[in-house]
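For reference, the structure is listed below as C-alpha cells.
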Amino acid sequence: MVVFAQIAPAPAEKNWREANDAVGQYKRGHADILKWEKENAPAAQSQEQAVAGLSLMSPEDAVRQAWLFHRELVTPMNRIGSANVDLIAKGQWTELDPILQRKVDDLGELLEVAAQGRKAWLQAVAARQVLKQHRNAQEAAEAGNELGRRMVSVGNWSKLQQAQVQLAQSSARMNVRRAHYAATQAEAALIRTLGLTGMHTAVALPDQLPDLPAQALSLQVLDGRAAAIAAQLPRAEGMRNGANARQARQAYLSSHALATSAREEVLKVREFITEESVLHYNGMLKSVWDLLGEVSSQSQAVASAIEAQRDFWIAETDLQWVLQGGAPDSFVSLGGGGGEPANAAGH
C-alpha cells in the first residue's frame, strides 16, 4: 500500500475541514488513502529494472548462474547426472542419495556454490521488498506533513504540532535511505557471488520471496536424514556434522514458526486494525493522523514479516546443505537482519 504524497496546494483561506477533505479528492474517496493508486515504484527504480541485463527470477536461476562461474564443477555435475543437478538447482537437496558423498569428488564444492548463490538471491529479493515497504511508510509520513503544513497555514495548528509530523517524515526518510543502501549492497553481493562483477550492475528480480511451506519438516524426518548423511562421513567429520545438524534444525524450525506467526497472526491483526481505522476515519471517529499512523505501522509490520520469511529460507538452505554433509561458517541470527549470523557448531 502507498499513501498519496501529492496533495493539491490549498489556498491560505481554506479552513481545516477543507484541508482534511482534500484527502478525499481521489477516485474512490477517503478509503483510497490506504489503496493508493499512485504508482509506488519511483521512475529511477523502474528504469533500473528495465535495463538490467541479468534476470534472476528464481533461486534456481541464481544457482545455475553461480555454477557457470565455477567451470571446474562440470566434472562433479557430469558424475551425479542431470537429474541430481536439477534437484540441487531447485533446492530439493534432501532427495539426493547420501551415498553420493562417498562416490563423487567435489560434490561438497558443488553444493557450497549452490548454497551461496541461493542465499545471496534471497537476501537481494528480500532487501528490495523491505525497501518498498519503507517507501510506503515515507509517503504516508509525507502526506501527513503536507496536511499539517496546511493546517498551520490556516491557523488550525501550532508550529509545535507540525514539528512532530515533520520529525516523523524525517525518520521515515532515514529508514528509506537505510533500506535503499541495504538493497544496493545485497544486489552487489549477489552479483559478486555469481562472479559477474564488472559485467552487470543491475539485476532483474521477482517482486517477492517464495511463499512459506505450510508445514515444516518433522523432527523425525530431520533426524533420519541427519543420521543417513552422518553414516557416509568419516567418524570425526560425522560428529561435527551432527552438531551442525542440531543447530541448523533449531534455526529452521524456529524461523518457520516466527515467519508463520508474523504472517498468520501479526499481519492479519494489522490488516484488521487498518480496515477498522478506515471505517472509523470515514465515519469521522478517527482523525487523518490516526489513519496515516496506522499506515506507517502496517508498512513496518509487513517489512518485519518479509525479514522473517527471508530468515526462514536462509535457514532452510543451510539445513539442506548440512544434511548433505555441508558445514556453513555460520547460521542465520533470527531477528538480526539476516546479516549477523551466529557461529556454526563445530567451527
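Could you please put Ser58, Ser299, Ser171 in sequence from largest to smallest accessible area, using a 1.4 Å probe?
Ser171, Ser58, Ser299
Return the FRET efficiency for the residue pair Arg102, Glu271: r is the Cβ-Cβ distance, R0 is 56 Å, and the value is rounded to the nearest 0.05.
That pair, Arg102 with Glu271, gives E of 0.65.
Between Arg79 and Thr184, what FRET efficiency follows from the Cβ-Cβ distance if R0 is 41 Å, with the result rounded to 0.05?
Working from the Cβ atoms, E equals 0.60.
Calculate one ³J(HN,Hα) per residue across the range 89-105 by plugging θ = phi - 60° into the Karplus curve 6.51 cos²θ - 1.76 cosθ + 1.60, and present them in order as whole Hz with x for glycine and proline.
Those phi angles translate into 4, 8, x, 9, 5, 5, 8, 6, 6, x, 5, 4, 4, 8, 8, 10, 5 Hz.
Out of residues 5 or more away from Ser55 or on other chains, whose amide H comes under 5 Å of its own, with H placed 1.01 Å from N in the peptide plane?
HN-HN under 5 Å from Ser55: Ala204.
On the Cα set of the range 94-209, report Rg and Dmax in Å, please.
23.0, 80
The values are calculated or read from the model by the stated rules, or taken from the named source; none is laboratory data. All values derive from a computational prediction rather than experimental measurement. All Cβ positions, even for glycine, are placed from backbone atoms using ideal geometry, and neighbour counts span all protein chains on display. Just so you know, the surface numbers come from the protein's heavy atoms only, side chains and all, with ligands and any DNA or RNA stripped out. Shrake-Rupley method; radii C 1.70, N 1.55, O 1.52, S 1.80 Å.
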